[in-house]
Amino acid sequence: MTTSGTLRIVSAATLGAAGTGGAVYFGSKALSYSDSKGDKMKSIYTFGDKFVGRLVTVNASDNKWKIRLDKLNQAKIKSPREKGLPELTKQDDLHQWCINTSSEEFDAQRESVFESFCVLMNKEQISESLIQSGGQWKEANERIGKVEDSKLSPELKEIKNKVKANATSGTELKDWCVAKYDLPFKGDRDFEYVKLYCTEIVAASSASPSGP
């Protein structure tokens with residue numbers, strides 16, 4: 001943040017916790033003004049604004065943070081020179097790091113790391129049971145094989161054609177689904193497809209799914 005004069009921060013409503021650089025935030029928003037002429041107001045666009053509605057907000061003791069800490073440790077082993085990985089060893093610390101970072105001004109160069117450890121995953125936003133590696137893939141292949149092409153993305157149309165010809169052992173749909181489970185939740189069309197075509201089939205239901 002670069003403004004002339006002595007910088008003071010006021011929140012949009014009431015003052016919140018102090019952020020980096022002496023900034024004070026309310027939620028994820030902050031308003032800044034300078035002592036220079038005009039006292040121009042500036043709204044700060046934070047990580048919390050970028051990922052609003054998608055942040056992990058559970059308590060530090062929740063298993064979601066253990067999963068992310070394990071993921072962080074694996075990332076350090078796999079890519080020890082990757083820039084921006086937080087040097088943390090406890091769930092509580094990762095939880096607090098995400099809280100603090102969410103109130104900082106958004107930086108595209110840090111986006112990937114923040115998204116990896118502070119944002120919900122697709123599988124955490126789906127209430128239905130997801131099909132796992134040894135699950136109902138034959139039935140799932142048959143299900144997507146009945147869906148009209150107009151209701152599928154070009155990628156899923158191609159997958160449909162492959163598994164329709166080989167419903168028993170075709171793995172294309174399984175590979176696509178499993179790869180999507182741990183991706184950051186964006187609420188996009190792919191997420192809707194995961195809910196429709198990667199979830200367990202309820203025996204009592206005979207209706208074919210409709211597209212998003």
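List of remarks:
- Some residue of the stretch 118-129 being out of contact with any Cys (no Cβ under 6 Å at 6 or more places or on another chain), among the small types (Gly, Ala, Ser) and assigned by TED's automatic domain parsing to the domain that holds CYS198: yes
- Among the candidates THR57, THR89, THR101, residue that is assigned to a helix (DSSP H, G or I) and of a type in the set (Ser, Thr, Tyr): THR101
- Residues in the stretch 133-160 that are touching a residue at least 60 places away in the same chain (Cβ under 8 Å) and either of a type in the set (Asp, Glu) or surrounded by 14 or more Cβ atoms within 10 Å (Cβ to Cβ) (or both): GLY135, GLN136, GLU139, ALA140, ARG143, VAL147, GLU148, LYS151.
- You will find that of LEU173, LEU130, the residue that is buried (at least 17 other Cβ atoms within 10 Å of the Cβ) and within 18 Å of the chain's Cα centre (by Cα) is LEU130 and no other.
- Selection within the stretch 133-155 - part of a helix (DSSP H, G or I) and within 26 Å of the chain's Cα centre (by Cα): TRP137, ALA140, ILE144, LYS151, PRO154, GLU155
The values are calculated or read from the model by the stated rules, or taken from the named source; none is laboratory data. Computed from a prediction, not measured in an experiment: that's the story for all the values here. A quick note on method: Cβ atoms are made from the backbone with ideal geometry, for glycine too, and the neighbour counts reach across all protein chains shown.
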